[in-house]
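Taken together, the values in this text are just the output of simple stated rules run on the coordinates, not laboratory data. Since this is a predicted model, take the numbers as computed values, not measurements. As a convention, Cβ positions derive from the backbone with ideal geometry for all residues, glycine included, and neighbour counts pool all protein chains shown.
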Amino acid sequence: MLIIRKFQNGDELTLREIFFNTIRNVNIKDYSQIQVQAWAPDDYDQPEWYKRISAINPFVAILNGEVVGYADVQDDGYIDHFFCHWQHQGKGIGKALQ
């Protein structure tokens with residue numbers, strides 16, 4: 001069962017893994033290696049990531065107890081992050097997050 005809920009403290013590392021692995025495994029098809037490395041570097045500033053993800057306050061998709069995606073929409077309609085787990089693409093998760 002797919003559940004959509006609001007971001008909770010403690011989601012940060014799981015969302016970072018989804019962000020990183022989706023870019024490295026899915027988006028690599030549309031961007032150069034240099035762009036992907038800049039977008040999702042191996043090393044990152046963990047406190048800055050926590051601050052950023054908390055600030056965008058995303059919705060989180062959970063499928064059978066596993067976090068499988070997240071997306072935000074800001075008050076002005078801007079979407080900063082919209083990522084679905086690379087192994088769960090094409091299962092309606094993105095549609096549910098819309």
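Selection of segment 17-68 for residues being in contact (Cβ under 8 Å) with a residue 40 or more places away in the chain, in a helix (DSSP H, G or I) and either among the acidic types (D, E) or touching a Lys or Arg at 6+ places or on another chain (Cβ under 9 Å) (or both) yields only I53. Got at least one residue in segment 89-98 being surrounded by 11 or more Cβ atoms within 10 Å (Cβ to Cβ), within 15 Å of the chain's Cα centre (by Cα), basic (K, R) and not in a loop (DSSP other than H, G, I, E, B)? No, there is no match, as no residue in segment 89-98 is surrounded by 11 or more Cβ atoms within 10 Å (Cβ to Cβ), within 15 Å of the chain's Cα centre (by Cα), basic (K, R) and not in a loop (DSSP other than H, G, I, E, B). Number of residues in segment 1-16 that are loosely packed, with under 12 Cβ neighbours inside 10 Å, within 21 Å of D45 (Cα to Cα), in contact (Cβ under 8 Å) with a residue 12 or more places away in the chain and out of contact with any helix residue (DSSP H, G or I) (no Cβ under 9 Å at 6 or more places or on another chain): the value is 1.
Within segment 75-93, residues that are more than 18 Å from I3 (Cβ to Cβ) have Cβ atoms under 9 Å from residues that are aromatic (F, W, Y) and not in a loop (DSSP other than H, G, I, E, B) in these pairs: H81/F19; H81/Y70, counting only partners at least 6 apart in sequence or on another chain. Within the bounds of segment 56-68, is there any residue that is among the acidic types (D, E) and over 19 Å from K91 (Cα atoms)? Checked segment 56-68: no residue is among the acidic types (D, E) and over 19 Å from K91 (Cα atoms).
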